[in-house]
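Novice: Below is the structure I would like to discuss, written out as structure tokens.
The values are calculated or read from the model by the stated rules, or taken from the named source; none is laboratory data. Values in this document were obtained by computation on a predicted structure and should not be read as measured data. Don't worry about glycine lacking a Cβ; one is built from the backbone with ideal geometry, like all the others, and counts go over all protein chains shown. Protein only, heavy atoms only, side chains kept; ligands, DNA and RNA dropped before computing areas. Shrake-Rupley method; radii C 1.70, N 1.55, O 1.52, S 1.80 Å.
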Amino acid sequence: MVGKIFITRTGYDPQLGKHVKDPYLGDTPSLGACRPDIRRRLVPGDHIFVISGKVPDANQFVMGGFEVQSTIDAREAYRLFPDQRLRLREDGQVSGNIIVNSNGKQHRLDDHHSFDRRTANYVVGKNLISLVTPEEIALGRKQTLGVLRDILQNSGASPWELVGRWGTELTEDQVLQLREWLASIKKTCS
């Protein structure tokens, strides 16, 4: 088992910013269209962790992580996970992470130019652990930087300095430490 941790785009924060549509940290966690560079290297048993994007006047936080159960094509994901098909929310933001339409072609809401490269390796997850309540998120914001410094053995001043633009690889021990820390937040806030 290995892992990968990365930062979502600037402005994406489930509490204070834009809706985070990919990765999906719900009933069946998934990483659908974003980060094909990461998705193509993952195998079952690996783990993915995601850090919120930068928003004004708030600390970024590890939103959660999950274990890779399998990787499939986006066309298969369309059939299996209708709730993750692209759609507009009432507030006008795009939701969902399946970028194909019913014909297997690029969905009209997907505005990326690398469609063909992004349909392979849709990651289906299991064993999700994520911070969702306001209390969990607040504690995550407070602790993330220090925890990442300890786990990654790095003295960076921000999540960006710790994991970089492309994210960073995690050892099995680091994966277990991150999962244990997230579980401790959930337990503290329950």
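Novice: Order the following by accessible area, largest value first: 142, 18. Probe radius 1.4 Å; ligands, DNA and RNA are ignored.
Specialist: Final ranking, largest accessible area leading: 142, 18.
Novice: Tell me the mean residue ellipticity at 222 nm calculated for the chain from its helices only (DSSP H runs of n ≥ 4, each -39500 (n - 2.57), averaged over every residue, nearest 500).
Specialist: -8500 deg cm²/dmol
Novice: Continuing with this model, one more query. When only C-alpha pairs under 8 Å and at least 6 residues apart count, what is the relative contact order of the stretch 1-86, in percent?
Specialist: That works out to 31 percent.
Novice: I've got another one for you. What is the extension gain from residue 91 to residue 120, computed as 0.36 nm multiplied by their sequence separation minus the C-alpha to C-alpha distance, in nm to one decimal?
Specialist: Extra length available between residue 91 and residue 120 comes to 7.5 nm.
Novice: Calculate one ³J(HN,Hα) per residue across the stretch 158-171 by plugging θ = phi - 60° into the Karplus curve 6.51 cos²θ - 1.76 cosθ + 1.60, and present them in order as whole Hz with x for glycine and proline.
Specialist: 7, x, 4, 5, 7, 10, x, 5, 9, x, 9, 6, 10, 7
Novice: Classify the chain: rounded, prolate or oblate, from the alpha-carbon gyration tensor (a ≥ b ≥ c, eigenvalue square roots; a/c under 1.5 rounded; otherwise prolate if a/b is larger than b/c)?
Specialist: In terms of gyration-tensor shape, prolate.
Novice: Let me ask something additional. May I ask you to compute the full-extension gain from residue 43 to residue 57, defined as 0.36 nm times their residue separation minus their alpha-carbon distance, rounded to one decimal in nm?
Specialist: That works out to 1.4 nm of additional length.
Novice: How large is ³J(HN,Hα), in whole Hz, for each residue of the stretch 101-108 in order, when computed from phi with the Karplus curve 6.51 cos²θ - 1.76 cosθ + 1.60 and θ = phi - 60°, using x for Gly and Pro?
Specialist: Once rounded to whole Hz, the list reads 9, 5, 8, x, 9, 5, 5, 4.
Novice: Thinking of the stretch 5-89 as a set of Cα atoms, what percent of all their pairs are more than 17 Å apart?
Specialist: The answer is 49 percent, as a whole percent.
Novice: Amide H to amide H under 5 Å from residue 18: which residues, 5+ apart in sequence or cross-chain, H placed 1.01 Å off N in plane?
Specialist: Distant-sequence amide H within range of residue 18: 12, 13.
Novice: State, to one decimal in nm, how far the label point of residue 180 lies from the label point of residue 28, with both points 7 Å from Cα in the Cβ direction.
Specialist: Using points 7 Å along Cα→Cβ, the separation is 3.2 nm.
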